[in-house]
Each structure stands twice: as structure tokens, then as C-alpha cells.
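S.K.: Here it is: the structure, laid out below.
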Amino acid sequence: MESFWMQLCGGLLLMALVMSATWWLGKRWNNFSIVDSVWALSFSLVSGFYVLFAEGWWLRKVVIFAVVSIWSLRLTYFLSRRIYSHHPAEDSRYRTLREEYGANLGWRFYLFFQYQGVSVVLLSLLFLEPLNNSTPHLTVLEWCGIAVSLVSLVGESIADAQAQKFKSNPENQRKVCDVGLWKYSRHPNYFFESMIWWGFYIAALGTPGAAYTIFAPLFILFILVKVTGIPPSEAQALQKRGDAYRAYQARTSAFIPWFPRKGD
């Protein structure tokens, strides 16, 4: 138990340093959007740190680190490309925060970045518990969870690729992306992102005492559905595409993929 808390404190220190450096870069580049890609990358960094000091079975540590890193690095690449393509313009969330923070902008953003680092460490408890599991075999729950996460990762990658291909066609500039997976869900990328975390949780259930980490997938689900995922995406789409997007909303599931409503 003492080792567990030392690992957790080490993770907090690591993230404090990472987010301090990220804040410095964001301030220098005058673009605080970079915290999004660093947040995604941080899961690889923290899980790698835990692997070095965790006391679990070596193969379990390798498998967990590999799956987490594949997800983390893919998301980092995807977000980094988006941020770079928009630079020097910031994401609307950070432009809003600039207005809100006013004269205290630098210090408030520093605290905001530190909060992001703390969130990484708390969510990574989902990995830290299994990484300290010394049972010398993977359970059925662990295999099932890994499978759910990997299949969902493929689904998210396909959804992102389909949206990118659709948007890259100049003829679709004012159209709503309703092809492929987007025909069955208005946000298949968010759905699969949530399922990746539920897969992580199913795998964590193979470790005694790790059931409490259910807060992690529930938090991700809440953020995607109620905060920084669907709401701003829908608002932006309605502003740009108006009635065409309203028709899309009327016939297409918001989150969980399902068949379009008949007659629409």
C-alpha cells in the first residue's frame, strides 16, 4: 500500500512538471490549445512511469502499457494535427477562457493546466491498480476489457477517418457528414472513445479492489455527452449548417449508433 501511494505521488509530481512546461509553451506560442494534445499524451507518460515502479506481473504491465499507449498516441496525433492546422487560432474554449480570466490570464491558465494534470493522475488510477496486480495470469475480464478497448479504438479511428475524408472534399463544405458510421450516430467518435474507457474498466475489474475506478469511465462519459464533447460540437454544427443539421439530428441517434429513423 505504501508503494502504491508513492507511485501516485510520483505521478502527481510528473504531471505538475509536464503541465508547467506545457503552460510555458502555450504562453510562448500564444496558443493554449496545446494542452489538449499534451493531456492525451500524458496517459502514456504516466502509465509508463507506473510501469517502472509498479509491483505487478510483468506481462500484465506490458499489455496494459501497450494498449494505453496505442490509444494515447493515436489521440495525441489526431489532436496535434487539428491544433496545428488551426494555429495560431485557438479552440473556442480557450478564447472564452481568455475573456473570462482577463488580467489574471497567465496565472489562471497555469492553474487550469495543473488541474488537467491532476485529472490525468486520477483517471490513471484505472491503470495503476492493475499494474500492481501480481497475479501471474490474465483473467477473462482482463481479456474482455482489452478486446473492448481495441475494437473501440478501431471504431474511433474509422469514424475520424471517414469525417476527415468527407471534410476534405470541397463539394461537402456546407453539407452534413452522414456517411459510414456517421449515418448511425451523430458522434460515433465520442461513442467509441467512451467505450475505450469502459474497456479499460472491465479489464481493471480483474484486479481485486479496483471496482471503485468506475468513476473514470463515468467521468469521461459525462464530459463527452454533457460538457466538452457533444454540446459545443452540436452548437457549432447548427451555426454552420442550420436546417440541414436539424434534419440530421431528427433522423440520427446522438450518441449510441442506431438505425436512422424511418421517414426522414
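The values are calculated or read from the model by the stated rules, or taken from the named source; none is laboratory data. Remember, predicted model here, so these are calculated numbers, not experimental data. So basically every Cβ, Gly included, is an ideal-geometry build from the backbone, and we count neighbours across all protein chains shown. Side chains are part of the model used for accessible areas, which takes the heavy atoms of the whole protein and leaves out ligands, DNA and RNA. Shrake-Rupley method; radii C 1.70, N 1.55, O 1.52, S 1.80 Å.
S.K.: How many of the residues in the range 111-129 are part of a helix (DSSP H, G or I), open to solvent by less than 60 Å² (accessible area, probe 1.4 Å) and touching a Phe, Trp or Tyr at 6+ places or on another chain (Cβ under 9 Å)?
M.R.: Counting residues in the range 111-129 that are part of a helix (DSSP H, G or I), open to solvent by less than 60 Å² (accessible area, probe 1.4 Å) and touching a Phe, Trp or Tyr at 6+ places or on another chain (Cβ under 9 Å) gives 13.
S.K.: Further question on the same structure: Pairs, please: C-beta under 8 Å, at least 6 apart or cross-chain, first residue farther than 21 Å from K167 by Cα and in the range 220-246, second of a type in the set (V, I, T)?
M.R.: Every condition considered, the pairs that remain are L224/I230.
S.K.: Filter the range 22-58 for residues that are among the polar types (S, T, N, Q) and more than 18 Å from the chain's Cα centre (by Cα); which is least open to solvent (accessible area, probe 1.4 Å)?
M.R.: My answer is N31.
S.K.: Further, regarding this structure: Is it true that R93 is free of Cβ contacts under 8 Å to residues at least 12 places away in the same chain, open to solvent by 40 Å² or more (accessible area, probe 1.4 Å) and among the basic types (K, R)?
M.R.: In short, no.
S.K.: Can you list the helices (runs of 4 or more DSSP H) found entirely within the range 1-110 that contain at least 1 residues being closer than 30 Å to C144 by Cα, polar (S, T, N, Q) and at pLDDT 95 or above?
M.R.: Answer list for the range 1-110: 2-29, 34-53, 58-86.
S.K.: So which residues in the range 234-251 are surrounded by 12 or more Cβ atoms within 10 Å (Cβ to Cβ) and either closer than 19 Å to Y190 by Cα or in contact with a Lys or Arg (Cβ under 6 Å, 6 or more places away or on another chain) (or both)?
M.R.: Within the range 234-251, E234, Q236, A237, L238, Y245, Y248, Q249, R251 qualify.
S.K.: Return yes or no: is W182 over 30 Å from K240 (Cα atoms) and outside any loop (DSSP other than H, G, I, E, B)?
M.R.: The answer is no for W182.
S.K.: If F4 passes every condition in (1) open to solvent by 50 Å² or more (accessible area, probe 1.4 Å); (2) farther than 30 Å from A237 by Cα; (3) of a type outside the set (V, I, T); (4) more than 23 Å from the chain's Cα centre (by Cα) but one, which one does it miss?
M.R.: For F4, the exception is condition (1).
S.K.: Hey, another quick one. Looking only at residues in the range 32-64 that are without any contact (Cβ under 8 Å) to a residue 60 or more places away in the chain and out of contact with any Ser or Thr (no Cβ under 7 Å at 6 or more places or on another chain), which one is farthest from T22 (Cα to Cα)?
M.R.: Among residues in the range 32-64 that are without any contact (Cβ under 8 Å) to a residue 60 or more places away in the chain and out of contact with any Ser or Thr (no Cβ under 7 Å at 6 or more places or on another chain), the one farthest from T22 (Cα to Cα) is W58.
S.K.: Also, I was wondering about something else. Considering W57, W71, which residue is out of contact with any strand residue (DSSP E or B) (no Cβ under 8 Å at 6 or more places or on another chain) and more than 28 Å from N189 (Cβ to Cβ)?
M.R.: W57
S.K.: Would you be able to say whether some residue in the range 159-173 is assigned to a loop (DSSP other than H, G, I, E, B), open to solvent by 40 Å² or more (accessible area, probe 1.4 Å) and touching a residue at least 24 places away in the same chain (Cβ under 8 Å)?
M.R.: no
S.K.: Restricting the range 185-202 to residues that are open to solvent by 20 Å² or more (accessible area, probe 1.4 Å) and assigned to a helix (DSSP H, G or I), which is nearest to F4 (Cα to Cα)?
M.R.: Residue satisfying both the conditions and the ranking: Y201.
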